[in-house]
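The values are calculated or read from the model by the stated rules, or taken from the named source; none is laboratory data. Predicted, not measured: the structure shown is a model, and the values here were computed from it. With ideal geometry, Cβ positions are generated from the backbone for all residues, glycine too; neighbour counts draw on all protein chains shown. Ligands, DNA and RNA are excluded from the accessible area calculation, which covers all protein heavy atoms including side chains. Shrake-Rupley method; radii C 1.70, N 1.55, O 1.52, S 1.80 Å.
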Amino acid sequence: MSRRLLGLISSFAALAALASCTAPSYPDSNRGFKPVVKAEPAPANATQNPVVVQGQCPQIYLREGTAVFRQYQGGVKKGADGTADPSKLVFQATLERTTRQCFQTDQGLKMTVVVQGRIIPGPAGKAGTYTLPIRVAATDGDATLYSELTKFPVTVPDNLGATQFLFTKEDVILSQGATGLTRLFAGIDEGPYNTK
């Protein structure tokens with residue numbers, strides 16, 4: 001057998017050995033490839049999960065004249081001279097700070113409104129639960145987008161000290177979304193309550 005033929009046989013043998021060592025790898029093998037994971041279909045309610053959109057979240061303002069509320073004994077607010085009798089003050093409630101969070105949902109822009117405040121008993125006050133009529137409203141120019149009153153209970157402890165409270169309204173929905181003119185207001189509404 002010639003040297004040339006022996007060289008060809010040796011070359012084929014080497015190629016065969018090399019081929020057996022480098023078998024093709026498939027995505028589901030463990031030869032240095034990550035397994036291919038089949039994507040699961042998205043759950044039916046995936047589009048209903050809210051997405052936080054703080055950049056489009058309207059600011060909250062405490063409307064002038066509604067951040068402080070005083071309740072007097074017997075419903076008396078002012079005397080004949082136009083001033084209130086301080087000795088008949090049951091409590092004074094003050095709204096102090098606000099914050100909010102916005103979510104984009106299928107229903108529109110959904111907002112959670114939080115208002116921090118405090119209630120201080122007056123000379124005619126006593127321990128117990130008092131109701132604050134807190135209204136949350138949204139406007140866009142002259143148009144009212146949302147308005148709802150919540151009768152919010154606040155409990156004053158036996159020591160009659162100042163009581164902090166946190167009012168949370170989670171279901172404020174602006175179905176048309178918000179623009180640069182949209183404003184959100186929170187305040188204590190003295191009534192009448194059958195209007196919006």
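Listed by first and then second residue, the pairs linking a residue in segment 116-136 that is touching a residue at least 40 places away in the same chain (Cβ under 8 Å) and β-branched (Val, Ile, Thr) to a residue that is open to solvent by 20 Å² or more (accessible area, probe 1.4 Å) and not in a strand (DSSP E or B), with Cβ atoms under 8 Å apart and 6 or more places separating them unless they lie on different chains, are Ile119/Ala162; Ile120/Ala162; Ile134/Asp189.
Can we say Gly161 is open to solvent by less than 30 Å² (accessible area, probe 1.4 Å) and under 13 Å from Ala93 (Cβ atoms)? Answer is no for this residue.
Going through (1) crowded, with 19+ Cβ neighbours inside 10 Å; (2) under 20 Å from Arg70 (Cα atoms); (3) of a type outside the set (Ser, Thr, Tyr); (4) out of contact with any Gly (no Cβ under 7 Å at 6 or more places or on another chain) one by one, Val113 falls short only on (2).
Comparison of Gln73, Gln101 shows that the only residue that is of a type outside the set (Ser, Thr, Tyr), at pLDDT 90 or above and open to solvent by 60 Å² or more (accessible area, probe 1.4 Å) is Gln101.
Under the condition of being modelled with pLDDT under 80 and either out of contact with any Phe, Trp or Tyr (no Cβ under 8 Å at 6 or more places or on another chain) or open to solvent by 80 Å² or more (accessible area, probe 1.4 Å) (or both), the residues counted in segment 48-63 number 6. Cβ-Cβ contacts under 9 Å between residues 6 or more apart (or on different chains), taken from a first residue in segment 171-196 that is part of a loop (DSSP other than H, G, I, E, B) and of a type outside the set (D, E, K, R) to a second residue that is at pLDDT below 85 and open to solvent by 80 Å² or more (accessible area, probe 1.4 Å), are listed as Gly177/Gln56; Ala178/Gln56. Would you be able to say whether some residue in segment 145-162 is touching a helix residue (DSSP H, G or I) at 6+ places or on another chain (Cβ under 8 Å) and either modelled with pLDDT under 90 or over 19 Å from Lys126 (Cβ atoms) (or both)? No, that holds for no residue. Ala138 falls short on exactly one of the conditions (1) among the small types (Gly, Ala, Ser); (2) within 23 Å of Val51 (Cα to Cα); (3) loosely packed, with under 15 Cβ neighbours inside 10 Å, and that condition is (3).
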